[in-house]
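Colleague: Shown below is the structure under consideration.
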Amino acid sequence: VIDLYTFKTPNGRKVSVALEEMELPYRVHSVDIGKNEQMQPSFLALNINHKIPVIVDPEGPGGAPITLSESGAILVYLAEKTGKFLPAARRYEILQWVMFQMSAVGPIFGQSYHFAKAAPEKIPYAIERFLKEAARITGVLDQRLAANEFLAGDYSIADMITYPWVAPFLDLLKEQGEFANVRRWVATVGGRPAVARGMVVPA
Ligand SMILES: N[C@@H](CCC(=O)N[C@@H](CS)C(=O)NCC(=O)O)C(=O)O
């Protein structure tokens, strides 16, 4: 059984969605980052970068255990372990969109949320800079999804990794654009039972 260390955030839910989609048995360990539990020595032993998600798979490559952080690496690992959602024919396009998520969608949406909602001080320059960039990135996804049902060929880890950030953010970006193709894709991906199950982990 895979141990998943996670919390109710977009980055954590990428992995619970993937585990549900791949039908891999897993055990959930909630790490409350609101209470700084990620700073406890027992968690730092799993990830010196003190961030969820982390998985521990006792049956990793070559049968040896593996401890893995960084959601992009985790999703590639799980896809290769199961042979699902990363087909060879579309591998590099899927990885392109996985990396777009990891380098653009996640970090910029995270900063947008921080400055627009969480920051103790409202800094108009920062709010505008990050919301504008989040809207530009969503516009890129919208263009891609205008001509494609999913981000890269059939439904893949690229969609699983992007959905948990984009679905809750459409509301924050409602003044920045309509993003009709992204909305259609959010409805399709969000309608998958495995996605619905993964998005409520940890309970
Ligand atoms: N690049 C990382 C980002 C993970 C991340 O930002 N995790 C946040 C929660 S969503 C966290 O654990 N923050 C706690 C901290 O930084 O101390 C990934 O994709 O796995």
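Readers should treat all values here as calculations from the given coordinates under stated rules, not as data from a laboratory. Computed from a predicted model, the values in this text were never measured in an experiment. Positions of Cβ are backbone-derived with ideal geometry, glycine not excepted, and every protein chain shown enters the neighbour counts.
Colleague: Which pairs in the list Lys8/Lys117; Lys51/Lys84; Lys8/Lys35; Lys117/Lys174 are over 20 Å apart, alpha-carbon to alpha-carbon?
Modeller: In this structure, Lys51/Lys84 exceed 20 Å between Cα atoms.
Colleague: So what is the relative contact order for region 103-203, in percent, with contacts set as C-alpha pairs under 8 Å and at least six apart?
Modeller: Taking the mean separation of contacting Cα pairs over the length of region 103-203, I get 28 percent.
Colleague: When only Cα pairs under 8 Å and 6 or more residues apart are kept, what is the percent relative contact order across region 1-84?
Modeller: Computed value for region 1-84: 33 percent relative contact order.
Colleague: Additional query: Straight-line reach from Lys81: which lysines fall under 17 Å, measuring Cα to Cα and dropping same-chain residues less than 8 apart?
Modeller: Correct list for Lys81: Lys14.
Colleague: Nearest 500 deg cm²/dmol is fine: what mean residue ellipticity at 222 nm does the chain get from its DSSP H runs of n ≥ 4 alone, each adding -39,500 (n - 2.57), divided by its residue count?
Modeller: Roughly -15000 deg cm²/dmol at 222 nm, from the helical runs in the chain.
Colleague: Just need the relative contact order of the chain here, percent rounded to a whole number, with Cα pairs under 8 Å and 6+ apart.
Modeller: Across the chain, relative contact order equals 28 percent.
Colleague: Looking at region 86-159, which GluC sites (Glu not before Pro) are in a loop (DSSP not H, G, I, E or B) and have at most 14 other Cβ atoms within 10 Å?
Modeller: Qualifying residues, ordered by number: Glu121, Glu149.
Colleague: Give me the three principal axis extents of the chain from the C-alpha atoms, as integers in angstrom, largest value leading.
Modeller: So the three principal-axis extents are 49, 43, 27 Å.
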